[in-house]
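First the structure, in the form of structure tokens, and then the observations on it.
The values are calculated or read from the model by the stated rules, or taken from the named source; none is laboratory data. Because the structure is a prediction, the values reported are computed rather than measured. Cβ: placed from backbone, ideal geometry, glycine included. Neighbour counts: every protein chain shown.
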Amino acid sequence: MDASSQQRSQSSLQRQLANLKLVSRLLGHELHTQSSAKTISLSREAVTEVQTTLDLFIEEVSRTHLNIGTPQGSAAPPTRMVGTRN
């Protein structure tokens, strides 16, 4: 692996981890704001933010892993986001 591809790989990994850090911070914020209760409730907005971040992470990881071993110039199949029941 040459230096530039290794640097791109590290950059991609850092972006992916940043998404997980965001999810962790969102959940930590909810735990902190509801610290006195044994059970917590999440607002629809908080759940939507967590779900969106996880969906983006899944897409990024899928795209990265699908492009490994893909011949140059050919695109990996698109990732389809799955909706939720409201």
Among the residues listed as Glu59, Glu45, Glu49, the single one being modelled with pLDDT of 80 or more and exposed (fewer than 14 other Cβ atoms within 10 Å of the Cβ) | Glu45
Provide a single number: the residues in the range 36-52 that are more than 10 Å from Leu26 (Cβ to Cβ) and part of a loop (DSSP other than H, G, I, E, B).
-> 7
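Using the structure shown, decide if Gly28 is at positive phi and either at pLDDT below 80 or surrounded by 10 or more Cβ atoms within 10 Å (Cβ to Cβ) (or both). Steps first, answer last, please.
On the way: at positive phi: no; either at pLDDT below 80 or surrounded by 10 or more Cβ atoms within 10 Å (Cβ to Cβ) (or both): yes.
No: the conditions fail for Gly28.
If the requirement is being out of contact with any helix residue (DSSP H, G or I) (no Cβ under 8 Å at 6 or more places or on another chain) and of a type in the set (A, V, I, L, M), which of these qualifies: Leu20, Leu13, Leu42? Steps first, answer last, please.
Working: Leu20 fails: out of contact with any helix residue (DSSP H, G or I) (no Cβ under 8 Å at 6 or more places or on another chain); Leu42 fails: out of contact with any helix residue (DSSP H, G or I) (no Cβ under 8 Å at 6 or more places or on another chain).
Being out of contact with any helix residue (DSSP H, G or I) (no Cβ under 8 Å at 6 or more places or on another chain) and of a type in the set (A, V, I, L, M) holds for just one of Leu20, Leu13, Leu42, which is Leu13.
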Is there any pair with a first residue in the range 12-25 that is over 18 Å from Gln51 (Cβ atoms) and a second that is β-branched (Val, Ile, Thr) whose Cβ atoms are under 7 Å apart and which are 6 or more apart or on different chains, and what are they?
-> Ser12/Thr64
